[in-house]
1. What are the lysines whose alpha-carbon lies under 27 Å from the alpha-carbon of A:K91, with same-chain residues fewer than 8 places away excluded?
2. Restricting to DSSP H runs of at least four residues, report the calculated mean residue ellipticity at 222 nm for chain B, -39500 (n - 2.57) per run over all residues, nearest 500 deg cm²/dmol.
3. Determine, for A:D293, B:D65, the number of other Cβ atoms within 10 Å of each Cβ, and report the residues in order from fewest to most.
4. Can you give me the distance in nm between label points at B:D289 and A:N254, each placed 7 Å from the Cα along the Cα-to-Cβ direction?
5. Of the trypsin sites (Lys or Arg not before Pro) in the stretch A:268-313, which ones lie in a loop per DSSP and count no more than 10 other C-beta atoms within 10 Å?
6. Below 8 Å, C-alpha to C-alpha, sequence gap of six or more: please give me the relative contact order for the stretch A:115-246 in percent.
7. Over what distance in Å are the Cα centres of the stretch B:138-210 and the stretch B:117-131 separated?
8. Take the Cβ-Cβ distance between B:S248 and B:I356 as r, set R0 to 45 Å, and report the resulting FRET efficiency rounded to the nearest 0.05.
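Rule-based calculations on the coordinates, nothing more; no lab input. All values derive from a computational prediction rather than experimental measurement. With ideal geometry, Cβ positions are generated from the backbone for all residues, glycine too; neighbour counts draw on all protein chains shown.
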Amino acid sequence: MAQRPIKEILIVGGGTAGWMTAAALSHMLSGQDYEIHLIESAEIGTVGVGEATVPHIRFFNQKLGFDEADFMAKTKATFKLGIEFCNWGRKGDSYIHPFGAFGESIGGVEFHQHWARMNRAGAAHPVEEYSLPIMAARAGRFAYPAEDPDSLLSTYSYAFQFDAGLYAKYLRAYAEERGVTRHEGKIVDVTLDGESGFVQSVQLENGAVIAADLFVDCSGFRGLLIEGALESGYDNWQQWLPCDRAVAVPCATNGPLSPYTRATAKDAGWIWRIPLQHRVGNGHVYCSSYISDDDAAEALVSQLESEPLAKLNQLRFVTGKRRKQWNKNVVAIGLSAGFLEPLESTSIHLIQLAIGRLLDFFPDKNWDPMLATEYNRLMDLEYERVRDFLILHYHATERDDTPFWNYVRTMPIPDSLAHKMATFRERGVVVNYRDGMFLDASWIAVYLGQRVMPQHDDPLGMKISESDLRARLNSIRDDCQVAAHSIPSHADFIRQIGAHAH
Amino acid sequence: MPIEKIVIVGGGVAAWLAALALARKTACAITVQDTGGIDDSLGEPFAVETTLPSISKLHDLLGLDNEQVVRETGSSYALGRALSNWTATAGAAFHPFGEVGASLGPVGFQHLVARLRGEGQSVSFANHSLGALCAQSGRFAPPPAGTRSVLSTMEYGLHLNVAEYRDYLKREATALGVVTLPGSPTELMMDAQGLIATLAVDTGEIIAGDLFLDCSGQARLLSSKLPQSGFEDWSEYLPCSHVRTSASMSSAPPPLYAHIDAHENGWQRFASTQTLLEEVVVSQTADPDGYMFTSGRIEKLWAGNCIAIGGAAAIIDPLASTQLHFVGMAIARLLKLFPHERSAPVEAAEYNRQTIEELENARDFAVLHYKCNGRKGAAFWDECRACALPERLAHKIALYKSCGRTALHDEESFEAWDWISVFDALGIRPRGYDNMANGMPKDRIEAHLAQVRNVMLKAVGSLPTQHEYLQSRKAVA
């Protein structure tokens, strides 16, 4: 069958998802005969408040050819070594999920197995002391990972925390330079093809009609095309992830610039703290069945480190996933595709993944149905695996101090997660899969951080004597301490590389 | 109660691989209960076992050196499979181990080829595969560790002389303290928990153990005696069940591949080592001089304190040479999930989950050859094309036909390029390809292909023939 290329691509919605899509498509499809349009309305706010990311974002930026220091200065970005979780397993607990593994395997047996054995014997320090990125994060330090693979300083990765509004602006300039046409306006009507049910065109408030072959729905929670026009359906995951509202507000930084995001568990949800160069993003994600909006806002504001810099921004959402993220000629990217709370900074990664997959399965006018089928299969897997990882944070708790925690602690969880937790608890084995963004190290960090401890020794680790093991663990711990203190402070490093906002 | 004693039933390759691995990695006492007879522990009693590249990982785990194994057992190296007479035309195609060609920027090699083919050019994958080019010219030496040349991308398996290999493994394991006892189990004595406590053996001995491995091939001397020992039969997908083998001495330089030729009711395989040439005929029709097998798996691979490994666990039509690979994977998996006591339902559940995924994916890879054959008008092959398909395989085929991509799942034995090579060998040409291949000028793609081929040809030219290589290593030894 001859290829019949499509010509017009319309992205509905600006914001992070819309402009990431526009920037990536304008770059990757350059040299071909495509026209890329984007509609956004200044009246409709974007959700982006201050975004924390995962290391994959660097590949996205590199692919587009961004200069890292320039990008950081313009988005007022900071470096991120991980996320600190406070009060999750128990009130008073704190652990960091770092971008890097704990220790190193010894005698072919994974580090956490040895640590668990020594911990049971009362002879281990807290597991975070065997992690360089955590020690650096706790000390407020940062440097690029070393290139020498033999160096301990090469064993971690990093991401960014940035102002999502500024990131969208940065991407917009890039995309417009590469020929993307931006239309200002609100969409008031959508026309479908009578026969195929494909979206034909959208109409703006000013009467303009914009037709296209492929529509990318980046309209946020509403899903203007994917749901509003095509009724693709939504899998509701509130039974496992019951939080349904958020309130957000920035404040000024008070204290040193921390190279990590913080998520503090509260009575009926949790509060994020995302440090940027010029301010701190804060937000309270909560479940409206257990706390009123006013109390949630009060809980947020009362713990701010300085005066709020803006009005409170209220958000409502339903955790879950669109049943078909690609339906007919509409591909939903961003919050229109599904909503998973930002507990593990997955939103931008899921956008990035969706863009990559859209390019992999890029359609032509034959609209081969297998493309959407496979795209949806792969995206479903990603969303479900992120979902399970998020549920773990709520479910693996000993907290019984509020009705909210009693619910999540005792709720039935998906079989896939129950199996994973049982396998780790039994013998410290992490169940892993081909697809899914969180690797073993992430699961281990959250299990151990939230008191899901292996009950039994790994029999293969018992060939090493306790005294030999103690010496190895001590030397790993010392090395992490020394390395963590050999690198500059986070703020100094940002200045050193010229990434500070001017 | 910790696992202190492991009893392995069966005296074949599968048993000795497991024995050696467990002797190296655990502190347990290990007994091999040698049941004698022909060695069908992998599934079929081949004289030459053609392995996948995963054999290197297994040997690493066992502390063995490929080169030494080849020298001590008269085995040889392998770079893939030649497939002939699977399509309507009489031509042959090559399925090399590992990747083919090289991507150009973000665009996968198969899409570049599809673009050029779409413009009427005739482009062959094999001409851009290091493995295929080496196999064709008979040149091979294992790539040195740490090399940065294109040779570092070469993946190779082995053609093993099974009898010598088994003896070699046995010597190594025995040196580590593994004990061999003669006799076959006649009865299992269970404890109060429903676990195997002891075996009664036909020599009159009673053998106690904490963990039992059934490596007895299709006889399934332990598994078949356990309660609820069902078998999931896959012969609706894999219709061949008869195999005849004939091996003869051969000192000719062995080809670097197995040749798999489809015939009227099945297929035949020619595979050589330094000392043997074996012909294997696999068919649907009964063969009084042959050996019978049924493709399928037992329902509970790890049940209680008994784990079936090798042919005792599952048999998949030997077309894709997966049986030894399964043993290696089973061993690695068992070590990762090694139980801390006799009853280990959590470990068993995870072991079974992974193993079943793996078996089904590998089964599908074999089924693909039958399902997408091009021998129209031949009754057996017409039936194969009409047969039912597992859902996942139907999706894989439909996706490849649509856009030249492969849908891979957890626990795949074959990666994207194995699937693509076989799809292509079977004459399947995707309708579409990566749109980004259209964004590149044609001459840039052509230049890229030419460069890939030149780099590979140059690398191949720098290698000795396998025969020269093997002779030089003998001299060193």
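1. A:K80, A:K266, A:K420
2. Details: 13 runs with 164 residues, N = 477.
Helix contribution divided over all residues of chain B: -11000 deg cm²/dmol.
3. On the way: A:D293 15, B:D65 12.
Ranked by crowding around the Cβ, least crowded first: B:D65, A:D293.
4. Between B:D289 and A:N254, the simple spin-label model gives 9.2 nm.
5. Values: sites: A:R273, A:R279, A:K311; in loops: A:R279, A:K311.
Those that pass, being in a loop and sparsely packed, are A:K311.
6. Working: 80 pairs, mean separation 12.3, N = 132.
So the answer I get is 9 percent.
7. What the calculation gives is 41 Å, centre to centre.
8. On the way: r = 39 Å, r/R0 = 0.86.
With R0 = 45 Å, the Cβ-Cβ based efficiency is 0.70.
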